[in-house]
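First the structure, in the form of structure tokens, and then the observations on it.
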Amino acid sequence: MPLDFLKRKNTSEPDASQPAAAAPGPTGSVVLPEEVVAQDFQLKLYYAGKTSEGVRMRTGPQAMAELPSMLVGLAKSEIEVVEPLPIEFSQATPTIARPSEAMQWLNAHHIHSPITRHALVVLESIDAVDLAFDTFVCSLLDGEIDTSGYPEYNAIVGGVAAHWDEATGDMICRAVVGWGGRGVRGDTDRIGNKLLASLLTNILANQHAVGLTAIERPVPAAGRGGLVCAHCGFASAHERAFYCPKCGMRLLRG
Ligand SMILES: [Zn+2]
């Protein structure tokens, strides 16, 4: 039975004019070669980052306002503050093959500069910051940006990440740097270390700094999820939040 619907309607050219190359050979047999000649394709992405020890801050909820000042003298672009993500962005991930997560991520971060978005892609991918509970203050720290404003692979981005210690309610700050993309350069790691030390010095120089502390990420505590902060109205994306990630006040259980 002829498959009429496969024929294109083309009045100017009859079907016989189709390229003969597409037709099978006269014998109808195709011999497989001994070896397949493969054309290789690959992309190597390299993301790296470093975080320092934590610095305990005795400031109370006003502490957030102090964060941008810790980048002064090191920032090579505008200093941006990325706040913890509210509950509607709890699945946000910079992974384009997962459209729902990627869409949340874009909706949450399209307002930020290309430098901050690049920093978040790198640092979230390697799990150096977690916006479920971190506040992240970010800038370009070293290197160049391209004509679209995005950092080159060897440019170093970062700043200070802060979260509230679940045991004491103190703010814990840490220095964070990151870099990466389609390439690696040998001296980036060394420059990254140097910048990390400079950031840590700035954090420790803050008037509210008490001293170095081990960083313990907020741990799961069943039944505390989905709380809305009575002080600032923030609905945390962090199921474990004991202190409001945004304003640092203690969350009340309803
Ligand atoms: Zn709050």
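The values are calculated or read from the model by the stated rules, or taken from the named source; none is laboratory data. Bear in mind the structure is a predicted one, so any value in this text is a computation, not a measurement. Backbone-built Cβ (ideal geometry, glycine too); neighbour counts: all protein chains shown.
Beta carbons closer than 9 Å, at least 6 apart along the sequence or on distinct chains, pair a first residue in the stretch 233-253 that is on the phi > 0 side of the Ramachandran plot with a second that is assigned to a strand (DSSP E or B) and more than 7 Å from the ligand (Cβ to nearest atom) for G248/W164; G248/M171. In this structure, is A155 buried (at least 18 other Cβ atoms within 10 Å of the Cβ) and more than 19 Å from A63 (Cα to Cα)? Answer is yes for this residue.
Please specify each residue of the stretch 14-49 satisfying the condition of being surrounded by 10 or more Cβ atoms within 10 Å (Cβ to Cβ) and at pLDDT below 60. Within the stretch 14-49, just Q18 meets the criteria.
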